[in-house]
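In what follows, a single structure is set out as C-alpha coordinates and then discussed.
The values are calculated or read from the model by the stated rules, or taken from the named source; none is laboratory data. Just so it is clear, the model here is predicted, and its values are computed rather than measured. In this analysis, Cβ positions are derived from the backbone assuming ideal geometry, glycine residues included, and neighbour counts consider all displayed protein chains. With ligands, DNA and RNA removed, areas are computed over all heavy atoms of the protein, side chains included. Shrake-Rupley method; radii C 1.70, N 1.55, O 1.52, S 1.80 Å.
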Amino acid sequence: MSLFSHHEFDNHEQVHFFCDQESGLKAIVAVHNSNRGPALGGCRMFPYASDADALNDVLRLSRGMTYKSALANLDLGGCKSVIIGDPRQQKSEALLEAMGHCLETLGGSYIAAEDSGTSVPDLQVMGRNTRHVAGIVARTGIDGQPSSGDPSPATAYGTFIGLKTAVEHRLNRTDLSGLKVAIQGVGNVGMRLARHLHAAGAELYVSDIHQDQLVRAAEELNATVVPSNQILTLDVDVIAPCAMGAVLNDQTIPQLKAAVVAGAANNQLAEAKHDAMLAQRGILYAPDFAINAGGIIDIAYERSGGSPEQVMAHLESISETLDELFQRARETGRPTGELANILAEERFQLRHTLA
Ligand code: NAD
(Lines give C-alpha, C1' and ligand atoms only; values in the text may rest on other atoms or scores of the structure.)
Protein backbone atom coordinates (compact mmCIF):
# COMPACT_ATOMS: atom_id res chain seq x y z
CA MET A 1 0.00 0.00 0.00
CA SER A 2 1.67 3.18 -1.16
CA LEU A 3 1.15 6.59 0.44
CA PHE A 4 3.04 9.37 -1.34
CA SER A 5 2.08 7.96 -4.75
CA HIS A 6 -1.49 7.10 -3.65
CA HIS A 7 -4.09 8.50 -6.07
CA GLU A 8 -5.90 10.26 -3.20
CA PHE A 9 -2.71 11.69 -1.67
CA ASP A 10 -2.83 15.47 -2.05
CA ASN A 11 0.24 16.74 -0.22
CA HIS A 12 -1.35 15.86 3.11
CA GLU A 13 0.71 17.35 5.92
CA GLN A 14 0.48 14.34 8.21
CA VAL A 15 -0.80 10.77 8.10
CA HIS A 16 -0.65 8.70 11.30
CA PHE A 17 -1.38 5.01 11.78
CA PHE A 18 -2.38 3.89 15.28
CA CYS A 19 -2.74 0.43 16.76
CA ASP A 20 -3.68 -0.65 20.28
CA GLN A 21 -3.60 -4.40 20.59
CA GLU A 22 -5.43 -4.63 23.90
CA SER A 23 -8.56 -2.76 22.81
CA GLY A 24 -8.35 -3.78 19.15
CA LEU A 25 -8.01 -0.19 17.98
CA LYS A 26 -6.77 0.31 14.44
CA ALA A 27 -7.04 3.89 13.26
CA ILE A 28 -5.66 6.31 10.70
CA VAL A 29 -5.53 10.07 11.16
CA ALA A 30 -4.90 12.34 8.15
CA VAL A 31 -4.22 16.06 8.46
CA HIS A 32 -4.60 17.53 5.00
CA ASN A 33 -3.87 21.22 5.44
CA SER A 34 -3.62 23.56 8.41
CA ASN A 35 -2.91 26.88 6.65
CA ARG A 36 -6.09 28.43 8.05
CA GLY A 37 -5.81 27.06 11.60
CA PRO A 38 -5.97 23.92 13.70
CA ALA A 39 -7.26 20.97 11.73
CA LEU A 40 -10.71 19.77 12.79
CA GLY A 41 -12.69 16.89 11.34
CA GLY A 42 -14.84 13.92 12.20
CA CYS A 43 -13.76 10.54 13.50
CA ARG A 44 -15.50 7.86 11.44
CA MET A 45 -15.87 4.25 12.54
CA PHE A 46 -16.64 1.87 9.70
CA PRO A 47 -16.05 -1.82 8.94
CA TYR A 48 -13.74 -1.16 5.99
CA ALA A 49 -13.19 -4.22 3.82
CA SER A 50 -9.44 -3.49 3.78
CA ASP A 51 -6.80 -1.17 5.21
CA ALA A 52 -6.48 0.26 1.70
CA ASP A 53 -10.16 1.26 1.71
CA ALA A 54 -9.70 2.98 5.07
CA LEU A 55 -6.66 4.90 3.84
CA ASN A 56 -8.49 5.90 0.68
CA ASP A 57 -11.43 7.21 2.71
CA VAL A 58 -9.38 9.16 5.25
CA LEU A 59 -7.28 10.83 2.54
CA ARG A 60 -10.39 11.93 0.62
CA LEU A 61 -12.40 12.99 3.65
CA SER A 62 -9.58 15.01 5.23
CA ARG A 63 -9.02 16.91 1.99
CA GLY A 64 -12.75 17.61 1.82
CA MET A 65 -12.65 19.16 5.30
CA THR A 66 -9.94 21.63 4.23
CA TYR A 67 -12.17 22.75 1.36
CA LYS A 68 -15.31 22.86 3.51
CA SER A 69 -13.83 25.00 6.27
CA ALA A 70 -12.05 27.33 3.85
CA LEU A 71 -15.19 27.88 1.80
CA ALA A 72 -17.13 28.59 5.02
CA ASN A 73 -14.46 31.15 5.99
CA LEU A 74 -13.59 29.30 9.20
CA ASP A 75 -10.14 29.55 10.75
CA LEU A 76 -9.77 25.80 10.68
CA GLY A 77 -7.72 23.35 8.70
CA GLY A 78 -8.88 20.04 7.31
CA CYS A 79 -8.41 16.54 8.68
CA LYS A 80 -10.27 13.34 9.44
CA SER A 81 -9.73 10.07 11.23
CA VAL A 82 -11.06 6.59 10.64
CA ILE A 83 -11.33 3.70 13.06
CA ILE A 84 -11.42 0.37 11.28
CA GLY A 85 -14.24 -1.73 12.73
CA ASP A 86 -17.98 -2.22 12.98
CA PRO A 87 -19.39 0.41 15.36
CA ARG A 88 -22.28 -1.91 16.32
CA GLN A 89 -19.98 -4.82 17.23
CA GLN A 90 -16.49 -3.55 17.95
CA LYS A 91 -16.93 -0.21 19.67
CA SER A 92 -16.00 -0.36 23.36
CA GLU A 93 -15.04 2.10 26.05
CA ALA A 94 -11.50 0.70 25.99
CA LEU A 95 -11.23 1.28 22.24
CA LEU A 96 -12.56 4.84 22.49
CA GLU A 97 -10.27 5.62 25.41
CA ALA A 98 -7.34 4.25 23.41
CA MET A 99 -8.33 6.50 20.51
CA GLY A 100 -8.40 9.44 22.93
CA HIS A 101 -4.89 8.59 24.02
CA CYS A 102 -3.71 8.49 20.39
CA LEU A 103 -5.30 11.89 19.73
CA GLU A 104 -3.52 13.34 22.75
CA THR A 105 -0.14 12.27 21.35
CA LEU A 106 -0.80 14.51 18.32
CA GLY A 107 -0.77 17.52 20.61
CA GLY A 108 -3.76 19.26 19.01
CA SER A 109 -2.66 19.07 15.37
CA TYR A 110 -5.89 17.07 14.91
CA ILE A 111 -9.17 17.82 16.73
CA ALA A 112 -11.79 15.09 16.44
CA ALA A 113 -15.57 15.45 16.21
CA GLU A 114 -18.50 13.11 15.49
CA ASP A 115 -18.91 11.35 12.18
CA SER A 116 -20.65 8.29 10.86
CA GLY A 117 -20.29 5.55 13.48
CA THR A 118 -19.39 7.87 16.37
CA SER A 119 -21.64 9.96 18.61
CA VAL A 120 -21.45 12.68 21.24
CA PRO A 121 -21.09 10.08 24.08
CA ASP A 122 -18.28 8.34 22.13
CA LEU A 123 -16.35 11.58 21.77
CA GLN A 124 -16.87 12.22 25.47
CA VAL A 125 -15.25 8.86 26.27
CA MET A 126 -12.28 9.75 24.01
CA GLY A 127 -12.17 13.05 25.87
CA ARG A 128 -11.19 11.26 29.09
CA ASN A 129 -7.70 10.98 27.61
CA THR A 130 -7.44 14.08 25.45
CA ARG A 131 -8.46 17.71 25.24
CA HIS A 132 -8.56 17.51 21.47
CA VAL A 133 -12.20 16.56 20.87
CA ALA A 134 -15.08 18.84 19.83
CA GLY A 135 -18.82 18.74 19.23
CA ILE A 136 -19.47 17.58 22.79
CA VAL A 137 -20.34 20.68 24.79
CA ALA A 138 -23.97 20.91 25.97
CA ARG A 139 -25.24 24.41 25.22
CA THR A 140 -28.19 26.26 23.72
CA GLY A 141 -28.77 25.15 20.13
CA ILE A 142 -29.71 27.30 17.13
CA ASP A 143 -33.39 26.61 17.81
CA GLY A 144 -33.07 27.94 21.36
CA GLN A 145 -33.42 24.41 22.79
CA PRO A 146 -30.75 22.59 24.85
CA SER A 147 -28.24 20.87 22.53
CA SER A 148 -25.86 18.00 23.27
CA GLY A 149 -23.25 19.39 20.90
CA ASP A 150 -24.54 17.25 18.00
CA PRO A 151 -23.87 19.33 14.84
CA SER A 152 -26.74 17.76 12.82
CA PRO A 153 -29.34 20.52 13.48
CA ALA A 154 -26.93 23.15 12.16
CA THR A 155 -26.06 20.98 9.15
CA ALA A 156 -29.76 20.52 8.38
CA TYR A 157 -30.56 24.21 8.68
CA GLY A 158 -27.58 25.18 6.50
CA THR A 159 -28.70 22.64 3.91
CA PHE A 160 -32.23 24.05 4.01
CA ILE A 161 -31.12 27.61 3.31
CA GLY A 162 -28.70 26.39 0.64
CA LEU A 163 -31.49 24.43 -1.02
CA LYS A 164 -33.69 27.54 -1.02
CA THR A 165 -30.89 29.53 -2.67
CA ALA A 166 -30.46 26.89 -5.39
CA VAL A 167 -34.22 26.82 -6.03
CA GLU A 168 -34.28 30.58 -6.36
CA HIS A 169 -31.44 30.52 -8.92
CA ARG A 170 -32.60 27.58 -11.00
CA LEU A 171 -36.38 27.68 -10.66
CA ASN A 172 -36.76 31.40 -10.04
CA ARG A 173 -39.00 30.97 -7.00
CA THR A 174 -38.70 31.93 -3.35
CA ASP A 175 -41.92 30.33 -2.17
CA LEU A 176 -41.40 26.62 -1.45
CA SER A 177 -45.06 25.72 -1.09
CA GLY A 178 -45.84 22.80 -3.37
CA LEU A 179 -42.15 22.35 -4.29
CA LYS A 180 -41.50 18.63 -4.77
CA VAL A 181 -38.40 17.45 -2.93
CA ALA A 182 -37.05 13.88 -2.79
CA ILE A 183 -34.84 13.18 0.22
CA GLN A 184 -32.56 10.14 0.17
CA GLY A 185 -31.96 9.18 3.82
CA VAL A 186 -34.02 10.60 6.68
CA GLY A 187 -31.49 10.19 9.47
CA ASN A 188 -30.09 12.90 11.74
CA VAL A 189 -29.74 15.50 9.00
CA GLY A 190 -32.30 14.32 6.43
CA MET A 191 -35.20 14.20 8.89
CA ARG A 192 -34.43 17.68 10.21
CA LEU A 193 -34.13 19.00 6.66
CA ALA A 194 -37.50 17.38 5.93
CA ARG A 195 -39.07 19.22 8.88
CA HIS A 196 -37.80 22.59 7.63
CA LEU A 197 -39.10 21.85 4.14
CA HIS A 198 -42.46 20.65 5.44
CA ALA A 199 -42.85 23.83 7.49
CA ALA A 200 -42.16 25.82 4.31
CA GLY A 201 -44.93 23.94 2.47
CA ALA A 202 -42.85 21.54 0.34
CA GLU A 203 -44.22 18.17 -0.82
CA LEU A 204 -41.88 15.45 0.40
CA TYR A 205 -40.77 12.08 -0.99
CA VAL A 206 -38.42 10.01 1.15
CA SER A 207 -36.39 6.82 1.09
CA ASP A 208 -34.33 5.10 3.75
CA ILE A 209 -33.06 1.61 4.46
CA HIS A 210 -34.62 1.69 7.94
CA GLN A 211 -38.38 1.29 8.13
CA ASP A 212 -38.76 3.19 11.42
CA GLN A 213 -37.27 6.34 9.86
CA LEU A 214 -39.73 6.11 6.97
CA VAL A 215 -42.74 5.62 9.25
CA ARG A 216 -41.68 8.68 11.24
CA ALA A 217 -41.37 10.87 8.13
CA ALA A 218 -44.68 9.64 6.72
CA GLU A 219 -46.62 10.10 9.95
CA GLU A 220 -45.08 13.38 11.07
CA LEU A 221 -44.62 15.11 7.71
CA ASN A 222 -47.06 13.37 5.42
CA ALA A 223 -44.08 12.34 3.27
CA THR A 224 -44.54 9.80 0.47
CA VAL A 225 -42.32 6.76 0.94
CA VAL A 226 -40.44 5.71 -2.20
CA PRO A 227 -38.30 2.60 -2.82
CA SER A 228 -34.58 3.33 -2.42
CA ASN A 229 -33.79 2.53 -6.06
CA GLN A 230 -36.32 5.11 -7.33
CA ILE A 231 -35.75 8.13 -5.11
CA LEU A 232 -33.08 9.86 -7.19
CA THR A 233 -34.90 9.52 -10.48
CA LEU A 234 -38.34 10.72 -9.33
CA ASP A 235 -40.07 13.46 -11.31
CA VAL A 236 -39.54 16.14 -8.66
CA ASP A 237 -38.06 19.66 -8.53
CA VAL A 238 -35.19 18.91 -6.13
CA ILE A 239 -33.30 15.86 -4.98
CA ALA A 240 -31.56 16.05 -1.62
CA PRO A 241 -29.03 13.24 -1.09
CA CYS A 242 -28.69 12.87 2.69
CA ALA A 243 -27.32 9.34 3.02
CA MET A 244 -24.19 8.09 1.30
CA GLY A 245 -21.62 9.41 -1.16
CA ALA A 246 -21.08 8.70 -4.89
CA VAL A 247 -24.82 8.80 -5.67
CA LEU A 248 -24.28 11.17 -8.62
CA ASN A 249 -22.63 8.90 -11.17
CA ASP A 250 -22.68 7.57 -14.74
CA GLN A 251 -25.80 5.51 -14.02
CA THR A 252 -27.90 8.03 -12.09
CA ILE A 253 -27.15 11.37 -13.80
CA PRO A 254 -28.68 10.52 -17.20
CA GLN A 255 -31.88 9.47 -15.40
CA LEU A 256 -32.32 12.49 -13.11
CA LYS A 257 -35.49 14.50 -13.67
CA ALA A 258 -34.98 17.13 -10.97
CA ALA A 259 -33.60 20.57 -11.88
CA VAL A 260 -31.71 20.96 -8.59
CA VAL A 261 -29.47 18.70 -6.48
CA ALA A 262 -29.08 20.10 -2.96
CA GLY A 263 -28.41 17.72 -0.08
CA ALA A 264 -26.14 17.14 2.91
CA ALA A 265 -24.34 13.92 2.01
CA ASN A 266 -20.55 14.14 1.71
CA ASN A 267 -18.80 13.27 -1.57
CA GLN A 268 -21.98 13.08 -3.65
CA LEU A 269 -20.11 13.11 -6.97
CA ALA A 270 -18.67 9.68 -7.78
CA GLU A 271 -15.93 11.34 -9.85
CA ALA A 272 -14.93 14.93 -10.60
CA LYS A 273 -16.31 14.66 -14.16
CA HIS A 274 -19.86 14.24 -12.82
CA ASP A 275 -19.93 17.90 -11.88
CA ALA A 276 -19.76 18.84 -15.58
CA MET A 277 -22.24 16.09 -16.51
CA LEU A 278 -24.83 17.66 -14.21
CA ALA A 279 -24.19 21.13 -15.63
CA GLN A 280 -24.51 19.81 -19.19
CA ARG A 281 -27.94 18.42 -18.32
CA GLY A 282 -28.98 21.82 -16.93
CA ILE A 283 -29.14 20.50 -13.38
CA LEU A 284 -27.98 22.98 -10.74
CA TYR A 285 -25.73 21.19 -8.24
CA ALA A 286 -25.15 22.81 -4.85
CA PRO A 287 -21.63 21.52 -4.07
CA ASP A 288 -21.85 19.25 -1.04
CA PHE A 289 -18.99 20.80 0.91
CA ALA A 290 -20.54 24.25 0.47
CA ILE A 291 -24.10 23.38 1.47
CA ASN A 292 -23.33 20.95 4.32
CA ALA A 293 -20.88 23.19 6.23
CA GLY A 294 -23.41 23.92 9.01
CA GLY A 295 -22.00 21.26 11.32
CA ILE A 296 -18.41 22.45 11.17
CA ILE A 297 -19.62 26.05 11.58
CA ASP A 298 -21.51 25.02 14.73
CA ILE A 299 -18.45 23.23 16.15
CA ALA A 300 -16.21 26.22 15.40
CA TYR A 301 -18.49 28.41 17.54
CA GLU A 302 -18.63 25.80 20.27
CA ARG A 303 -14.84 26.09 20.48
CA SER A 304 -14.81 29.88 20.44
CA GLY A 305 -17.75 30.20 22.84
CA GLY A 306 -19.99 31.95 20.28
CA SER A 307 -23.72 32.45 20.80
CA PRO A 308 -26.54 30.69 18.92
CA GLU A 309 -27.20 34.03 17.17
CA GLN A 310 -23.61 34.09 15.87
CA VAL A 311 -23.95 30.51 14.66
CA MET A 312 -27.20 31.41 12.86
CA ALA A 313 -25.62 34.44 11.21
CA HIS A 314 -22.73 32.31 9.94
CA LEU A 315 -25.11 29.61 8.71
CA GLU A 316 -26.95 32.24 6.67
CA SER A 317 -23.65 32.97 4.87
CA ILE A 318 -23.94 29.54 3.20
CA SER A 319 -26.59 31.20 1.06
CA GLU A 320 -24.18 34.02 0.10
CA THR A 321 -21.44 31.53 -0.82
CA LEU A 322 -23.83 29.59 -3.04
CA ASP A 323 -25.14 32.82 -4.58
CA GLU A 324 -21.58 33.68 -5.57
CA LEU A 325 -20.92 30.20 -6.97
CA PHE A 326 -24.14 30.05 -8.95
CA GLN A 327 -23.55 33.52 -10.35
CA ARG A 328 -19.99 32.66 -11.39
CA ALA A 329 -21.27 29.45 -12.98
CA ARG A 330 -23.79 31.43 -15.00
CA GLU A 331 -21.16 33.95 -16.10
CA THR A 332 -18.37 31.50 -16.91
CA GLY A 333 -20.31 28.40 -18.00
CA ARG A 334 -18.17 26.36 -15.62
CA PRO A 335 -19.68 23.72 -13.32
CA THR A 336 -20.44 24.67 -9.73
CA GLY A 337 -18.29 21.99 -8.08
CA GLU A 338 -15.19 23.10 -9.99
CA LEU A 339 -15.85 26.73 -9.05
CA ALA A 340 -16.34 25.77 -5.39
CA ASN A 341 -12.97 23.99 -5.44
CA ILE A 342 -11.26 27.05 -6.92
CA LEU A 343 -12.88 29.43 -4.44
CA ALA A 344 -11.88 27.20 -1.50
CA GLU A 345 -8.33 26.91 -2.82
CA GLU A 346 -8.09 30.68 -3.07
CA ARG A 347 -9.07 30.82 0.59
CA PHE A 348 -6.50 28.34 1.83
CA GLN A 349 -3.88 29.72 -0.55
CA LEU A 350 -3.23 26.88 -2.87
CA ARG A 351 -2.34 26.89 -6.46
CA HIS A 352 -5.38 27.96 -8.54
CA THR A 353 -6.84 31.39 -9.18
CA LEU A 354 -10.16 32.22 -10.78
CA ALA A 355 -10.09 33.17 -14.45
P1 NAD B 1 -27.35 9.31 9.61
O2 NAD B 1 -26.63 8.01 9.67
O3 NAD B 1 -28.05 9.81 10.82
O4 NAD B 1 -28.47 9.27 8.44
C5 NAD B 1 -28.25 8.67 7.22
C6 NAD B 1 -29.56 7.96 6.85
O7 NAD B 1 -29.42 7.43 5.55
C8 NAD B 1 -29.90 6.81 7.78
O9 NAD B 1 -31.24 6.93 8.22
C10 NAD B 1 -29.69 5.59 6.90
O11 NAD B 1 -30.57 4.53 7.24
C12 NAD B 1 -30.01 6.15 5.53
N13 NAD B 1 -29.45 5.39 4.42
C14 NAD B 1 -28.30 4.68 4.35
N15 NAD B 1 -28.15 4.12 3.13
C16 NAD B 1 -29.25 4.49 2.42
C17 NAD B 1 -29.69 4.23 1.11
N18 NAD B 1 -29.00 3.44 0.28
N19 NAD B 1 -30.86 4.78 0.70
C20 NAD B 1 -31.59 5.56 1.52
N21 NAD B 1 -31.21 5.82 2.80
C22 NAD B 1 -30.06 5.30 3.23
O23 NAD B 1 -26.29 10.36 9.07
P24 NAD B 1 -26.41 11.95 9.09
O25 NAD B 1 -25.64 12.46 10.22
O26 NAD B 1 -27.84 12.31 8.89
O27 NAD B 1 -25.57 12.31 7.78
C28 NAD B 1 -26.16 12.16 6.50
C29 NAD B 1 -25.13 12.56 5.44
O30 NAD B 1 -24.73 13.93 5.65
C31 NAD B 1 -23.84 11.75 5.48
O32 NAD B 1 -23.33 11.62 4.17
C33 NAD B 1 -22.90 12.63 6.29
O34 NAD B 1 -21.53 12.36 5.98
C35 NAD B 1 -23.33 14.00 5.81
N36 NAD B 1 -23.01 15.08 6.76
C37 NAD B 1 -23.52 15.04 8.02
C38 NAD B 1 -23.23 16.08 8.90
C39 NAD B 1 -23.80 16.10 10.30
O40 NAD B 1 -23.74 17.14 10.96
N41 NAD B 1 -24.40 15.01 10.77
C42 NAD B 1 -22.41 17.13 8.50
C43 NAD B 1 -21.93 17.16 7.19
C44 NAD B 1 -22.23 16.11 6.33
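Give the calculated FRET efficiency between residue 138 and residue 331 to the nearest 0.05, with a Förster radius of 51 Å applied to their Cβ-Cβ distance.
Numbers: r = 45 Å, r/R0 = 0.88.
About 0.70, to the nearest 0.05.
Over the chain, what is the relative contact order in percent, taking alpha-carbon pairs closer than 8 angstrom and at least six residues apart? It would help to have the intermediate numbers written out before the result.
Working: 767 pairs, mean separation 53.7, N = 355.
Relative contact order comes out at 15 percent.
Pull up the cross-link candidates among the lysines for residue 273, meaning alpha carbon to alpha carbon under 29 Å and not fewer than 8 places away within one chain.
68, 80, 164, 180, 257
Using a Förster distance of 56 angstrom, determine the FRET efficiency expected from the C-beta separation of residue 93 and residue 177, and round it to 0.05. Please list the in-between numbers first.
Working: r = 48 Å, r/R0 = 0.87.
The formula returns an efficiency of 0.70 here.
Only helical DSSP H runs with n ≥ 4 go in: add -39500 (n - 2.57) per run for the chain, normalise by residue count and round the 222 nm mean residue ellipticity to 500 deg cm²/dmol.
Details: 12 runs with 148 residues, N = 355.
The helix contribution divided over the chain gives -13000 deg cm²/dmol.
When you count, for each residue, the other Cβ atoms within 10 Å and take the mean per peptide, how do 60-71, 2-13 rank with the highest first? Display every interim value, and only then the final one.
Values: 60-71: 25.5, 2-13: 12.8.
Answer by packing, highest mean first, reads 60-71, 2-13.
So if each residue of separation counts as 0.36 nm, and I subtract the Cα-Cα distance between residue 73 and residue 313, what length gain in nm does that give?
Numbers: separation 240, 0.36 × 240 = 86.40 nm, distance 1.28 nm.
The span from residue 73 to residue 313 would gain 85.1 nm if fully extended.
Could you check which residue among 245, 190, 158 shows the biggest mean-square fluctuation in a GNM of the chain with a 10 Å Cα cutoff?
245
Could you please report the charge total around residue 181, scoring K, R as +1 and D, E as -1 over all other residues with beta-carbon less than 14 angstrom from its beta-carbon? Numbers along the way, then the final one.
Values: positive: 164, 170, 173, 180, 192, 195, 257; negative: 175, 203, 235, 237.
Charge balance in the 14 Å sphere: +3.
Set Lys and Arg Cβ to +1 and Asp and Glu Cβ to -1, take the dipole of the chain about its Cα centre, and tell me which of 283, 89, 266 lies farthest positive.
283
What does the net charge come to around residue 269 if you take all other residues with beta carbon closer than 12 Å to its beta carbon, with K and R at +1 and D and E at -1? The partial results should precede the final answer.
On the way: positive: 60, 273; negative: 250, 271, 275, 288, 338.
Here the charged neighbours net out to -3.
Counting only protein heavy atoms, what percent of the accessible surface of the chain is carbon or sulfur at a 1.4 Å probe?
Numbers: 6980 of 15070 Å².
C and S atoms contribute 46 percent here.
Could you work out how much longer the chain between residue 224 and residue 3 gets when fully extended? Use 0.36 nm per residue separation minus the Cα distance between them, nm to one decimal.
On the way: separation 221, 0.36 × 221 = 79.56 nm, distance 4.58 nm.
Computed gain between residue 224 and residue 3 is 75.0 nm.
From the Cα gyration tensor of region 65-148, with a ≥ b ≥ c the square roots of its eigenvalues, which class applies: rounded if a/c is under 1.5, or else prolate if a/b is larger than b/c, or else oblate?
Numbers: a/c = 1.66, a/b = 1.23, b/c = 1.35.
Since a/c reaches 1.5 but b/c is at least a/b, the shape of region 65-148 is classed as oblate.
With springs only between Cα atoms under 10 Å, which of 143, 208, 57 fluctuates most in a Gaussian network model of the chain?
Judging by the Gaussian network model, the answer is 143.
Take residue 20 and residue 212, extend 7 Å from each Cα along the Cα→Cβ direction, and tell me the distance between the two endpoints in nm.
2.9 nm
What shape does region 102-258 take by its C-alpha gyration tensor, where a ≥ b ≥ c are the square roots of the eigenvalues and a/c under 1.5 counts as rounded, a/b above b/c as prolate, and the rest as oblate? If you can, show how the numbers build up before the last one.
Numbers: a/c = 2.09, a/b = 1.82, b/c = 1.15.
Prolate.
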